[in-house]
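Please treat every number below as a calculation from the coordinates, not as lab data. What you see is a predicted model, and the numbers here were worked out from it, not measured in a lab. Using ideal geometry, Cβ is built from the backbone for each residue, glycine included, and neighbour counts are taken over all protein chains shown.
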Amino acid sequence: MLNQHSGHQSRTLNSVFLDREVQLDLFFPEDLMGNEKLNLLLLNDGQDAEQMGLEEMLAALYSDQKIEPLLVVAVHASADRVMEYGVAGIPDYAGRGARAGAYASFVNQELLPYIAAFCGMPIQGKKGIAGYSLGGLAAFDIAWKNPENFDLTGVFSGSFWWRSKDLKENYTEQDRIMHEVIRQTAGKPALKFWLMTGTEDETADRNKNGIIDSIDDTIDIIRELLSKDYSRPGHIFYYEMVGGKHDLKSWAKAMPAFLIWAFGR
């Protein structure tokens, strides 16, 4: 039972889909009675949770009564991260992300049932999945394709540049994989989206329009979502951090805003 555990547990889950042991860090409020409306957040690249100060961040948000009871499951990436994260079933032009489908199956068919058994109480609140960089792309893709399991996704400096053609192979913006997945999806998954970029995420500017690719690619994701009749700010929140960089310090600075948006009181 969740209320019999302390506020932080480290666990190992053996995955058939990934053919490896997956390290997990689980963070939850203490002194749960068992009748609370519990929310859930899966966080990719969970190995960075300690450096980010996630446990202390959550404690401060609870102390200030900013968020509802929340179970955060920080899922550690493996040395095969660049193969396990990506868009399920569609590797990029270099073959990266070839195991993203296996990772998605792990999340939906192994991790979520494990969490349900760990809790010993129903998760009746919202369910989200989030990540940074390539882990953010994976989080978006998993939520997009599994809206029966997730209500929202958070993406920090997401790798929405992920493309099916190299820049040297007559690349066009239509070759960005996640954008195309959105275009090809019938209907409109019942999801909400929190997207963050930093003005100093990078310096690359493929189309020479004076806007870095990280921002351009994310704004184009928003355009694709708007074309599906999602609305801002009802379904989509975009945070452009002035001075934000492609690093944990910037993402940690943004994390409380995401948690309050997703699970706020």
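Applying 0.36 nm per residue to the separation of Ile222 and Gln9 and subtracting their alpha-carbon distance, the gain on full extension is 73.1 nm.
Local charge for Gln174 was computed over the other residues whose Cβ lies under 11 Å away, with Lys and Arg +1 and Asp and Glu -1, and equals 0.
Full extension of the segment from Ile123 to Lys249, taken as 0.36 nm per residue of separation minus the current Cα-Cα distance, would add 42.3 nm. The reciprocal of the average 1/r between distinct C-alpha atoms defines the Kirkwood hydrodynamic radius, which for the stretch 2-263 equals 18.7 Å.
Paramagnetic label reach from Tyr238 (point 7 Å along Cα→Cβ; backbone nitrogen cut-off under 15 Å): within the stretch 176-193, residues 179, 193. For the chain, DSSP calls about 35 percent of its internal beta bridges antiparallel. In the neighborhood of Gly243, defined by Cβ-to-Cβ distances under 15 Å, what is the net charge if each Lys or Arg adds +1 and each Asp or Glu adds -1? Every neighbour counted, the sum reads -2.
Structure note, pairs Lys127/Lys249; Lys188/Lys249; Lys37/Lys249: Cα-Cα distances above 27 angstrom occur for Lys188/Lys249; Lys37/Lys249. Taking the square roots of 5 times each eigenvalue of the Cα gyration tensor of the stretch 1-146, largest first, gives ellipsoid semi-axes of 27, 16, 14 Å. Positive contributions from Lys and Arg (+1) and negative ones from Asp and Glu (-1), summed over other residues with Cβ under 13 Å from the Cβ of Asp229, come out at +3.
The orientation-averaged projected area of the convex hull spanned by the Cα atoms of the stretch 139-265 comes to 8.3 nm².
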